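Visitor: Below is one structure. I have some questions about it.
Read-outs throughout are calculated quantities, based only on the coordinates presented, and are distinct from any laboratory measurement. Because the structure is a prediction, the values reported are computed rather than measured. All Cβ positions, even for glycine, are placed from backbone atoms using ideal geometry, and neighbour counts span all protein chains on display.
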Amino acid sequence: MLTRANTHAQDDRPGAAGSALLAADHVSISFRGKPVLETVSIAVHEGEIVTLIGPNGAGKTTLARVLLGLAAPTSGRVVRRPGLTVGYVPQRFPVERIMPLSVRRFMHLNTGVSKGRALECLAETGAAALADAQMTDLSGGEFQRVLLARALARDPDLLVLDEPARAVDFAGAAQLYALIAAIRARRRCGVLLISHDLHVVLGASDRVVCLNRHICCEGVPQHVAAHPEYMRLFGPEAAASLGIYGHRHDHTHSLSGDVCGGGT
Ligand SMILES: Nc1ncnc2c1ncn2[C@@H]1O[C@H](COP(=O)(O)OP(=O)(O)OP(=O)(O)O)[C@@H](O)[C@H]1O
């Protein structure tokens with residue numbers, strides 16, 4: 001059954017904030033008076049891949065930044081497990097084009113990671129052969145694998161990956177998500193993914209949260225893919241490759257996220 005995520009803080013099921021690595025509890029944030037997130041609750045647990053989807057400007061990156069403590073919510077709170085180590089790969093990672101910077105050096109830059117550990121993590125993401133390449137020469141997919149290796153070098157309990165398959169073709173995206181799933185299986189870390197690659201990513205996720213300023217729907221991928229709000233946001237073809245699941249929802253809203261009436 002689909003649930004509204006803002007019931008999480010009160011319930012005691014596995015999705016609840018209490019047992020989470022990291023959780024937002026009724027978080028809202030506005031920028032210059034414009035609401036970007038409204039009473040959003042979300043939790044990520046050990047060993048699960050949670051994927052955040054939603055249209056451009058829905059507040060996905062903002063939610064990740066609030067969860068990571070990089071932006072302060074206007075109201076609500078963020079709860080993190082004590083001692084939690086997070087590996088974060090932001091959506092944009094500018095590399096200075098003028099200064100030469102090898103992958104090997106990039107792995108050590110501000111991380112304190114040993115040479116051996118850096119190479120191990122590059123090997124884990126299939127990027128060992130790139131150690132001596134220049135960062136500016138990498139393809140989109142290679143760049144993402146190096147960023148992932150750098151995040152893994154912290155030995156994180158939780159990976160937060162903001163559009164890791166950006167600038168990667170369809171086959172490359174599928175490989176990247178398979179790699180993320182393999183890393184999760186091996187390390188048992190939690191993963192919070194932000195993605196627009198609906199077809200590929202839904203299949204690779206344990207739980208999908210559809211955000212459009214507030215949480216529209218969430219659940220296992222097949223449930224979300226058949227949700228009226230999901231179809232409204234992404235079109236029925238986005239759900240076509242996944243199982244169809246019928247249920248009712250308590251409201252509808254415009255593409256800007258405003259609640260505008262009774263549900264289906
Ligand atoms: N620091 C900020 N100051 C002002 N507005 C901001 C700030 N950060 C984000 N916003 C605004 O908040 C809204 C949500 O942005 P956000 O980047 O979280 O969306 P998103 O869902 O990640 O979008 P996309 O899919 O395009 O990456 C946007 O309208 C954006 O302009």
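Visitor: Which residues, taken from segment 20-40, are more than 9 Å from the ligand (Cβ to nearest atom), buried (at least 20 other Cβ atoms within 10 Å of the Cβ) and more than 18 Å from the chain's Cα centre (by Cα)?
Guide: 38
Visitor: Failed condition for residue 149, given (1) in contact (Cβ under 8 Å) with a residue 24 or more places away in the chain; (2) not in a helix (DSSP H, G or I), with all others met?
Guide: It is condition (2) that residue 149 fails.
Visitor: Report every pair of residues separated by at least 6 positions or lying on different chains whose Cβ atoms are under 7 Å apart, first residue within segment 194-206 and within 16 Å of the ligand (Cβ to nearest atom), second charged (D, E, K, R).
Guide: Short answer, once both residue conditions are applied: 194/60; 194/162; 194/163; 195/163; 196/163.
Visitor: When you check residue 69 against the structure, is it surrounded by fewer than 19 Cβ atoms within 10 Å (Cβ to Cβ) and within 17 Å of residue 214 (Cβ to Cβ), yes or no?
Guide: Against the criterion (surrounded by fewer than 19 Cβ atoms within 10 Å (Cβ to Cβ) and within 17 Å of residue 214 (Cβ to Cβ)), residue 69 does not qualify.
Visitor: Quick one: would you say residue 112 is surrounded by fewer than 14 Cβ atoms within 10 Å (Cβ to Cβ) and among the small types (Gly, Ala, Ser)?
Guide: yes
Visitor: Ok, one more. If you check every pair at least six apart or on different chains, which have Cβ atoms under 6 Å apart with a residue in segment 68-89 that is within 23 Å of residue 188 (Cβ to Cβ) and in contact (Cβ under 8 Å) with a residue 12 or more places away in the chain first and a residue that is within 16 Å of the ligand (Cβ to nearest atom) and small (Gly, Ala, Ser) second?
Guide: Within 6 Å, the pairs are 78/24.
Visitor: Moving to a separate point now. Is it the case that some residue within segment 152-171 is more than 14 Å from the chain's Cα centre (by Cα), assigned to a helix (DSSP H, G or I), buried (at least 18 other Cβ atoms within 10 Å of the Cβ) and away from the ligand (no atom under 16 Å from the Cβ)?
Guide: Step one: of segment 152-171, the residues more than 14 Å from the chain's Cα centre (by Cα) are 152-157, 167-171.
Checking the rest, the ones that are also assigned to a helix (DSSP H, G or I) come to 152, 170-171.
Subset that is buried (at least 18 other Cβ atoms within 10 Å of the Cβ): 152.
Add one more test, that the residue is away from the ligand (no atom under 16 Å from the Cβ), and what stays is 152.
Yes: one or more hits.
Visitor: Return the residue satisfying two criteria in turn: it lies in segment 72-87 and is farther than 24 Å from residue 35 by Cβ and of a type in the set (A, V, I, L, M), and of such residues it is surrounded by the fewest Cβ atoms within 10 Å (Cβ to Cβ).
Guide: 84
Visitor: Out of the residues in segment 77-93 that are under 30 Å from residue 130 (Cα atoms) and within 16 Å of the ligand (Cβ to nearest atom), state the one that is farthest from the chain's Cα centre (by Cα).
Guide: 93
Quick grid of which residues meet (1) part of a strand (DSSP E or B); (2) surrounded by 20 or more Cβ atoms within 10 Å (Cβ to Cβ):
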{"position": "179", "(1), (2)": "no, no"}
{"position": "193", "(1), (2)": "yes, yes"}
{"position": "205", "(1), (2)": "no, yes"}
{"position": "211", "(1), (2)": "yes, yes"}
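Visitor: If a residue has to be touching a Pro at 6+ places or on another chain (Cβ under 9 Å), within 13 Å of the ligand (Cβ to nearest atom) and of a type in the set (D, E, K, R) to count, how many in segment 41-76 make the cut?
Guide: Residues in segment 41-76 being touching a Pro at 6+ places or on another chain (Cβ under 9 Å), within 13 Å of the ligand (Cβ to nearest atom) and of a type in the set (D, E, K, R): 1 in total.
Visitor: Read through the list (1) without any contact (Cβ under 8 Å) to a residue 60 or more places away in the chain; (2) under 12 Å from the mean Cα position of the chain (by Cα); (3) not in a strand (DSSP E or B), then give the number of the only condition that residue 57 fails.
Guide: (2)
Visitor: Scan segment 213-235 for residues that are within 18 Å of residue 57 (Cα to Cα) and either in a helix (DSSP H, G or I) or free of Cβ contacts under 8 Å to residues at least 24 places away in the same chain (or both) and report the count.
Guide: Count: 7.
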